[in-house]
Amino acid sequence: MPSPFGPLVIIANPHAGRGKVEGKLAEIERILADAGLAYRIVRTTHAGHATEAARQALHAGERYLVAAGGDGTVHEVVNGMLHDGEPVASDAVLGIVAAGSGSDIVRSFGLPGDAAQASRRLIGDAVRPIDVGKVTFTSGSSEVTRYFPNIAEAGLGAAVVARAASLPRFLGPAKYLCGFWLTLPAFQSADVRLTADGRAFEWRAHNVVLANCRFYGGGMHISPNSKPDDGMLDVLVMVGRKTDAFTLVPKIYKGAHLPHRNIVELRASQVRLESDPPFRIEADGEILGTTPATFEVLPKAVRLKV
């Protein structure tokens, strides 16, 4: 039976998961063929290619886009589905086949982390509208906008992601923890000014998390109260000593770190963040730019296949 959303466009990063995605493509194709689904595959070759492929597919009239890879591939595909804060095509559908080394977004929706099971979930017509975060940040002397379906952060967490990106691929999901231990000793807190839906705050802080979904960093349950369809970002500001991060890590994996005396919890649809000195920013595991930055929610901007 054909898909109700039309032929699938599988946008795959063949190098994700240390090459695991390329190895899974034949199995994905077999499952889709057995289900009678029409599809084509785009193998990405460079950074930003998945965004280009998604945008081109939508302009060509295709509506069912499947990100096959890790959270970075999902991030790029979503950025191809949105433009100027609006969906490029309101009837487009996002499918996810989690097959990379970092596949955190699927955990918030109970989607399979196994490529074969995830491929079978592409069959049928069940969708869930979800919010998407929008961040406008500083890059050199310019302001740049990106979209994030999962989680963004500024400060220590972004510095860890940047350090982890330089580590050997064979470390797989352990790269994040290795990056954490390598980054923590030299990292410095900053004076943070934050405005959340008009409410102004100031702290000395080392990390700010802006969560649409619940998991990041390879299974860390950083924002257990987040709901990706409530029109709000859950904001966590780490205001204690940076050594708090050392003791919190085991609790974060269990989602048992909140409430905490040194973590300020806020909820807002728009957040303005400034820091002195500037913090680096990452979203969905992708390094972007620096503060100052504005984060906001695009309510139910993407239809997710579930």
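All of the numbers you see were taken from the coordinates with simple rules; none came from a lab. Because the structure is a prediction, the values reported are computed rather than measured. Here the Cβ is made from the backbone with ideal geometry for all residues, glycine too, and neighbour counts use every protein chain on show.
Quick notes on this structure:
- Gyration tensor (alpha-carbon) shape descriptor, region 8-125, a/c threshold 1.5: rounded
- Cβ crowding within 10 Å ranks 197, 104, 234 as 197, 234, 104, fewest other Cβ atoms first.
- Along the chain, longest interval not containing exposed trypsin sites (Lys or Arg not before Pro), exposed being DSSP loop plus at most 14 other Cβ atoms within 10 Å: 1-240
- Over every Cα atom in region 157-306, the radius of gyration and the widest Cα-Cα span, Dmax, amount to 15.1, 45 Å.
- Dipole magnitude for region 8-125: computed about the Cα centre from +1 point charges on Lys and Arg Cβ and -1 point charges on Asp and Glu Cβ, it is near 340 debye.
- Ranking 74, 124, 33 by how far each Cα lies toward the positive end of the dipole of region 23-138 (charges on Cβ) leaves 33 at the top.
- Separation in nanometres of the label points that stand 7 Å from Cα toward Cβ, at residue 114 and residue 174: 2.5 nm
- When only the Cβ of Lys, Arg, Asp and Glu is charged (+1, +1, -1, -1), the dipole of the chain relative to its Cα centre reaches about 760 debye.
- Taking the charge dipole of region 132-300 about its Cα centre, with +1 at Lys and Arg Cβ atoms and -1 at Asp and Glu Cβ atoms, the residue from 180, 292, 263 reaching farthest to the positive side is 180.
- Euclidean distance of C-alpha centroids, region 209-282 and region 84-135, integer Å: 22 Å
- Per-residue Cβ neighbour rank within 10 angstrom, fewest leading, 75, 257: 257, 75
- The fewest-to-most ranking of 181, 203 by surrounding Cβ atoms within 10 Å reads 181, 203.
- Long-range amide H partners of residue 289 with built H, under 5 Å: 281
- For the chain, the Kirkwood estimate of the hydrodynamic radius, built from every pair of different alpha carbons, is 19.4 Å.
- Summed side-chain charge close to residue 88 - residues other than residue 88 whose Cβ falls under 12 Å, Lys, Arg +1, Asp, Glu -1: -2
- Most mobile listed residue (88, 135, 208) in the chain, GNM with C-alpha springs under 10 Å: 88
- Sum of -39500 (n - 2.57) over DSSP H runs of 4+, divided by residues of the chain (222 nm, nearest 500): -7500 deg cm²/dmol
- Rounded to whole numbers, the Karplus 3J(HN,Hα) couplings from phi for region 187-200 are 6, 10, 5, 9, 7, 10, 10, 9, 10, 10, 6, x, 8, 9 Hz, using 6.51 cos²θ - 1.76 cosθ + 1.60 with θ = phi - 60°, and x at Gly and Pro.
- Label zone at residue 270, where the point sits 7 Å out along the Cα-to-Cβ direction: region 196-215 residues whose backbone N lies under 17 Å: 196-201
- Proximal lysine pairs, the chain, alpha carbons under 24 Å, eight or more residues apart or interchain: 16
- In sequence order, calculated HN-Hα J values of region 90-99 (Karplus, 6.51, -1.76, 1.60; Hz; x Gly/Pro): 5, 9, 6, 10, 9, x, 10, 10, 6, 9
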